[in-house]
Amino acid sequence: MFEIIDSGRHKSALSGDLTPLSVDIENKCGKFVGSEGYIYDTSLEHCTCADFTIHDGTMACKHMIRLAMELGELPNDGMITDHEKARIKYYTGILKVFVKTAPIMDTVHLFLILNNLLKSTGMTCAGNELAFAGIPDLLKSGLFELTKNGKKIKVTKTSKKDMKSLQKSVESRVGAFVLEHIDNESLSVSLESLSDKYDAEF
């Protein structure tokens, strides 16, 4: 698979965006974050990404090429490593998957918290408010930072676009759900309860 390497995949493999989340040198494997947030398990023979599957394992994907570079199996001249970007991509991915798969009310809860973190004034919190969504420490994720006075937490400038996109995804999902269950009395009660809880907390 590495005898003929696609130039486009090779170029992608060199970029900082493809910095692996982790590399196991002894077992010659690694983990990469996909664009939709899913984790790809990669070795020199196989990858769980769609590109590798589509080509029936006949062509090395960009993750396999990058892994080979990381392991010294291929030349890595020009390779950019950006561990912070990999971490940010990882946590953004966790939230993307959460928005798609979590219970509706949990996604609404995420939306309300992001709404406050997106304000320029930030949000007074302990830093673990998104633990339920897979981010145990806001400040260690790279997505959030302290405000100038150091008393609140807000979304970083570079992460605003992604966080707003997540909010839109929640709006789309919840909107469709509400329309499908508009006459459901328990849904109405749940939304009202969440709204009361939100008002009390913020």
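Every number in this text was worked out from the coordinates using simple rules, so none of it is lab data. Since the structure is predicted, the reported quantities are computational estimates derived from the model, not experimental observations. Quick reminder, even Gly has a Cβ in these numbers, built from the backbone with ideal geometry, and neighbours come from all protein chains shown.
For the pair region 150-170 / region 28-86, the C-alpha centres are spaced 28 Å from each other. In region 7-70, Cα pairs under 8 Å separated by at least six residues give a relative contact order of 32 percent. Less than 5 angstrom separates the built amide H of LEU74 from those of MET69, all sequence-distant by 5 or more or on a different chain.
Build a GNM of the chain with springs between Cα atoms under 10 Å apart, and of LEU166, LEU112, LEU138 the one that fluctuates most is LEU112. Only Cα pairs under 8 Å and at least 6 apart count here; give the relative contact order of the chain as a rounded whole percent. Relative contact order comes out at 17 percent. Peptides 31-38, 69-76 ranked from most to least packed by the mean count of surrounding Cβ atoms within 10 Å: 31-38, 69-76.
A Cβ-based charge dipole, computed about the Cα centre of region 7-70 with Lys and Arg at +1 and Asp and Glu at -1, lands at about 220 debye. Among the listed pairs LYS28/LYS161; LYS11/LYS85; LYS31/LYS119; LYS100/LYS161; LYS96/LYS160; LYS140/LYS164, those whose Cα-Cα separation exceeds 26 Å are LYS28/LYS161; LYS31/LYS119.
Each residue of region 101-115 was assigned a 3J(HN,Hα) from its phi angle through the Karplus curve 6.51 cos²θ - 1.76 cosθ + 1.60 (θ = phi - 60°); the sequence is 10, 6, x, 3, 5, 5, 5, 5, 4, 4, 4, 5, 5, 4, 4 Hz, with glycine and proline shown as x. Rounded to the nearest whole Hz, the Karplus-based 3J(HN,Hα) values (6.51 cos²θ - 1.76 cosθ + 1.60, θ = phi - 60°) of region 144-160 follow the sequence 10, 8, 6, 6, 4, 7, x, 9, 10, 10, 9, 6, 5, 4, 6, 9, 4, with x at glycine and proline.
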